[in-house]
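The values are calculated or read from the model by the stated rules, or taken from the named source; none is laboratory data. Note that this is a predicted model, so its numbers are computed, not measured. Counting neighbours? That spans all protein chains shown, and the Cβs are built from the backbone with ideal geometry, glycine included.
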Amino acid sequence: MSTRNRKKSLERTLWEAADKLRKNMDAAEYKHIVLGLIFLKYISDACEALYLKLKAGQGEYRGSDPEDVDEYRAENVFFVPPKARWSFLQTRARDPEIGKALDEAMDAIEKLNPTLQGVLPREYARPHLDARNLGQLIDLIGSITPDETQSKNSDLLGRVYEYCLGEFAAAEGKKGGQFYTPSCIVKLLVEMLEPYNGRVYDPCCGSGGMFVQSENFTLAHQGRLDDISIYGQESNATTHRLCRMNLAIRGIDSSNIKWNNEGSFFKDAHPHVKADYILANPPFNDSDWNGGLLREDPRWKYGKPPLGNANFAWLQHILFHLSPRGSAGVVLSNGSLSTQTAGESVIRKNLVEERIIDCIVGLPDRLFYNTGIPACLWFLTRAKKDRGCRENEILFIDARTLGRMINRKNRELSDDDIRAIAGIYRNWRSQDGNYRDIRGLCKSAPKREVNRQEYLLSPARYVGIPEENEEGAVPFYQKMKQLANDFTILIKRGEEVDRIIMEELANIKPVEE
């Protein structure tokens, strides 16, 4: 079994065991119990690892005081007082008062770490939370040992946290979609946008999955954590706390993740931020956004959004925050591609004519936990003129037939699907790419053709029907698999070229004057 599959199995095993201990508790409540403990285990492991280095006092740590909070802040590690550390609490896991001890531990940690103020849960002493089950849960999470071969950013506890977030979202159904975007959609957005460096913004950031995946992408391409800076806003206080913990467990600075219950439209937490990359999954077809109070808002540059649907308000809010050369990927309902009511078609026309829309991806159904509404991805950019190609074209990708069912209700895009879709987009954007239209899958449509279609943007209108019935034709799924394989080969070749260049540069000696 591969390392990746083994770790995935461990995550699933831990989840299944934790879920059995839930008994009759509602998933919406239980997630805070489990995720809070995973977070406590993470910061405690990091604190105790640094404590041992400080106590040994060798090298750069010579003369250090292992109980000095500033020593930990200097290393960007949360200080956990002795009676709040996991090693201490696990010895009391069978104590009937363990819930009270955990709540006191959370209090003590917040007092010593101002950036965690108001973030940690204090729900462990609740009368309806069985102390025996809580003790078993502590022992279960305690079985996760730090993986010294992993960097802090890709720590196993971080993956367990993310995995449990997804499982809780699935268990909560519609409510789960309010704080979690399925990981395959997040991966696809990030792979297509390629946020290597700069400012990354999400105006409705949920539990922070867009930020985590952006950091993962940067590190996977030999970048550093500080190559990107993140900005976000969330209107749900509980979800905001989940996000702050999710980022902290990955070592990501969350100081610019803001909360207010008025939301991004009415109280923009980052009014002056112009982002290089924006990734967002706003609420679908929100009819209760109070748009009547914002009719003359300067953000509505391309047309006033309808009062009964916030889709185009979100798109224009995002464009308002996009830097002069920035790009955005946004998840919206399929209705945004074709609705003709209350000025939406006018906004679509203006976005097309201003060359803002770069790519539209039609997604398969059943990808989301909270809705059966078909969805799509909008890719927007202000950099078409600078790119040197396809300034007057829009790429349409129809991915509705991709993915596989992972249970009776939900579908998931595979890594091959994601690589294939992202590869099509990258080749299309590149002057040297080998892009070609594939009937039934992708089409680069000139602006005049979109005009003829009255600015309706459903990919199926442009890509046509796959020619699967023609004699000798390659089946559609085989084409997709071949595209994924071709793209993987191109990536490997690029990495090899990069390696050779770096070796040659290292061998260059400075010229002596």
Residue under evaluation Gly232, criteria (1) under 20 Å from Leu157 (Cα atoms); (2) crowded, with 22+ Cβ neighbours inside 10 Å, criterion not met = (1)
task = Report yes if Ala46 is part of a helix (DSSP H, G or I) and modelled with pLDDT of 85 or more, otherwise no.
result = yes
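Every residue, every condition in (1) without any contact (Cβ under 8 Å) to a residue 24 or more places away in the chain; (2) buried (at least 23 other Cβ atoms within 10 Å of the Cβ), yes or no:
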position	(1), (2)
Tyr163	no, no
Gly166	yes, no
Tyr180	no, yes
Tyr196	no, no
Phe211	no, yes
Phe217	no, no
His221	no, no
Asp253	no, no
Glu262	no, no
ask   = Among the residues of the range 278-316 satisfying the criterion of being in contact with a Ser or Thr (Cβ under 6 Å, 6 or more places away or on another chain) and touching a residue at least 60 places away in the same chain (Cβ under 8 Å), which is nearest to Met210 (Cα to Cα)?
value = Asn281
ask   = Do we find that Gly303 is surrounded by fewer than 22 Cβ atoms within 10 Å (Cβ to Cβ), modelled with pLDDT of 95 or more and of a type in the set (Gly, Ala, Ser) in this structure?
value = yes
message = Could you go through the range 94-106 and let me know if any residue there is part of a loop (DSSP other than H, G, I, E, B), basic (Lys, Arg) and over 32 Å from the mean Cα position of the chain (by Cα).
response = yes
remark   = From the option list Leu377, Leu367, single residue qualifying as hydrophobic (A, V, I, L, M, F, W, C) and either in a loop (DSSP other than H, G, I, E, B) or closer than 19 Å to Pro466 by Cα (or both) is Leu367
ask   = Among the listed residues Arg400, Arg390, Arg355, Arg408, which satisfies the condition of being within 30 Å of Phe168 (Cβ to Cβ), in contact with an Asp or Glu (Cβ under 9 Å, 6 or more places away or on another chain) and assigned to a loop (DSSP other than H, G, I, E, B)?
value = Arg400
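Of all residues in the range 109-127, which are in contact (Cβ under 8 Å) with a residue 12 or more places away in the chain and either within 23 Å of Trp259 (Cα to Cα) or of a type in the set (Val, Ile, Thr) (or both)? Before you say what the answer is, go through the steps one by one.
Keep residues of the range 109-127 that are in contact (Cβ under 8 Å) with a residue 12 or more places away in the chain, which gives 109, 112-113, 115-116, 118-126.
If the condition is that a residue be in contact (Cβ under 8 Å) with a residue 12 or more places away in the chain and either within 23 Å of Trp259 (Cα to Cα) or of a type in the set (Val, Ile, Thr) (or both), then Ile109, Leu112, Asn113, Thr115, Leu116, Gly118, Val119, Leu120, Pro121, Arg122, Glu123 are the ones that fit.
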Enumeration of residues in the range 266-281 that are surrounded by fewer than 22 Cβ atoms within 10 Å (Cβ to Cβ) and not charged (D, E, K, R) = Phe266, Ala269, His270, Pro271, His272, Val273
task = Would you be able to say whether some residue in the range 379-392 is out of contact with any helix residue (DSSP H, G or I) (no Cβ under 7 Å at 6 or more places or on another chain), aliphatic (A, V, I, L, M) and within 19 Å of Glu191 (Cα to Cα)?
result = yes
ask   = Out of the residues in the range 436-447 that are touching a residue at least 40 places away in the same chain (Cβ under 8 Å) and of a type in the set (D, E, K, R), which is surrounded by the most Cβ atoms within 10 Å (Cβ to Cβ)?
value = Lys443
task = Could you check, for the range 317-332, whether at least one of its residues is among the polar types (S, T, N, Q) and at pLDDT below 95?
result = no
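Please verify whether Thr91 is among the polar types (S, T, N, Q), closer than 30 Å to Ala170 by Cβ and out of contact with any helix residue (DSSP H, G or I) (no Cβ under 7 Å at 6 or more places or on another chain), treating the condition exactly as stated.
So Thr91 fails the test.
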task = Would you point out the residue of the range 118-153, among those that are at pLDDT 85 or above and over 18 Å from Ile98 (Cβ atoms), that is farthest from the chain's Cα centre (by Cα)?
result = Gly118
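With the range 185-287 as the region, which strands (runs of 3 or more DSSP E) entirely inside it contain at least 1 residues that are within 11 Å of the chain's Cα centre (by Cα) and either closer than 20 Å to Asn311 by Cβ or at pLDDT 90 or above (or both)?
Result: 198-202, 275-280.
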task = Pull up the range 432-472, narrow it to residues that are at pLDDT below 90 and touching a Lys or Arg at 6+ places or on another chain (Cβ under 8 Å), then point me to the one that is farthest from Arg387 (Cα to Cα).
result = Glu467
task = Give the residue, chosen from Ile360, Ile418, that is closer than 25 Å to Ser444 by Cβ and not in a strand (DSSP E or B).
result = Ile418
